[in-house]
Amino acid sequence: MPYVNPQYLVETAWLEAHLQDTNLRMIEVSGMLNAQRKNIAKTVCYDKRHIPGAVFLDVASFYGPFSDPRGTFPLTWPTPTQFEAIMGQLGVGNDAHVILYSSTVGQRHYSCQMWCTRAWWIMHHFGVECAILNGALEKWMAEGRPVTAVPGYYPPTHFRADPHWRRGIAYKEDVLKALQGDRSCCVVNALPADQFMGESAIVYGPRKGHITGSVSVPMPDLVDWDTGVFASAEAMRAHFDQADVLSADRVIIYCGGGGCATTAGFALALLGYTNVAIYDNSLFEWGADPSLPMTDPSSERKAP
């Protein structure tokens, strides 16, 4: 069973064969957060080795250049003006074909592809033609393909954002509407299963668990955390089917701050589903508001 939209993924052999394409723009988006939630992957990975010609974009820092600096919560979507400026600086025009890739940089906890899918989701909805390298930098290197420490560069240009970019984003009010009777909309939690169940020490705010009424499709089921290779279309469909997601007219996906939710969104895009949005700020916002319903199964099991 093939993906409906296979063009959203490229393989290593294809990329090496197209490295000299004039409209190709390779962007590394590796993420490795320090204690201050700043991304140090450029120093740790990109500056040491990267695919020839690639430039680096920090999409992982909690309040980095790919997030709205006025946002109350980390990883808030960039504004259209901010996005256009970033693309122009990177040399990405409206005719560019962007290939996003990342490195595992020794971290299994955060899937390296989560940062690729965050970049892809935002770029795609702002109007960039983009795809993700399947298998990450490590697969590229394991196959003996070229790397360099020479910084990449593309001439600055201008980019005009798609005015319909909001179709890919959802807000608190949209989630509330879905929970309060809009049965045509399914709310999906993409966090690992132990976080959904409130059993993990990792918490996004003062409350554990998940948004009441949401279903679980864990991101780790959709991409191999060790290799960065995405699951097959058949496997992806099985995971979504198990949670009864694919019968919904609209899907809203959330996680801690809007990162790994995009991996589930990207998987649905591969499968051909278009009426999908990511809840911006996710549990960082929802969990901080005690008036909003959350369920912590771990606490319920401990109750007498």
Within the range 216-226, the residues that are open to solvent by less than 40 Å² (accessible area, probe 1.4 Å) and more than 15 Å from SER282 (Cβ to Cβ) are LEU222, VAL223, TRP225
SER247: passes all of (1) in contact with a strand residue (DSSP E or B) (Cβ under 9 Å, 6 or more places away or on another chain); (2) exposed (fewer than 14 other Cβ atoms within 10 Å of the Cβ); (3) closer than 24 Å to CYS116 by Cβ but (3)
Of the residues in the range 169-192, those that are hydrophobic (A, V, I, L, M, F, W, C) and touching a Ser or Thr at 6+ places or on another chain (Cβ under 6 Å) come to VAL187
Considering residues that are modelled with pLDDT under 95, in a loop (DSSP other than H, G, I, E, B) and more than 17 Å from SER67 (Cα to Cα), the number found within the range 35-51 is 1
ARG37 fails exactly one of (1) at positive phi; (2) surrounded by 18 or more Cβ atoms within 10 Å (Cβ to Cβ), namely (2)
All-but-one check, THR81 against (1) in a loop (DSSP other than H, G, I, E, B); (2) β-branched (Val, Ile, Thr); (3) more than 16 Å from the chain's Cα centre (by Cα); (4) modelled with pLDDT of 95 or more, failing number (1)
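Let me confirm something: among VAL187, VAL175, which residue is in contact (Cβ under 8 Å) with a residue 40 or more places away in the chain, part of a strand (DSSP E or B) and either out of contact with any Leu (no Cβ under 8 Å at 6 or more places or on another chain) or surrounded by 15 or more Cβ atoms within 10 Å (Cβ to Cβ) (or both)? Quick ask: steps written out before the conclusion?
Numbers: VAL175 fails: part of a strand (DSSP E or B).
Just a single option satisfies the conditions, and that option is VAL187.
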Exercise for review: Please verify whether the range 58-75 includes one or more residues that are open to solvent by 10 Å² or more (accessible area, probe 1.4 Å) and assigned to a strand (DSSP E or B).
Suggested key: no
In the range 201-215, anything in a loop (DSSP other than H, G, I, E, B) and open to solvent by 20 Å² or more (accessible area, probe 1.4 Å) is listed as ALA201, ILE202, VAL203, TYR204, GLY205, PRO206, ARG207, LYS208, THR212, GLY213
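The values are calculated or read from the model by the stated rules, or taken from the named source; none is laboratory data. Quick caveat: nothing in here was measured; it's all calculated off a predicted structure. Heads up, the Cβs are rebuilt from the backbone with ideal geometry, glycines too, and the neighbour counts pull from every protein chain shown. Heads up: the accessible areas ignore ligands, DNA and RNA and are worked out on the full protein's heavy atoms, side chains in. Shrake-Rupley method; radii C 1.70, N 1.55, O 1.52, S 1.80 Å.
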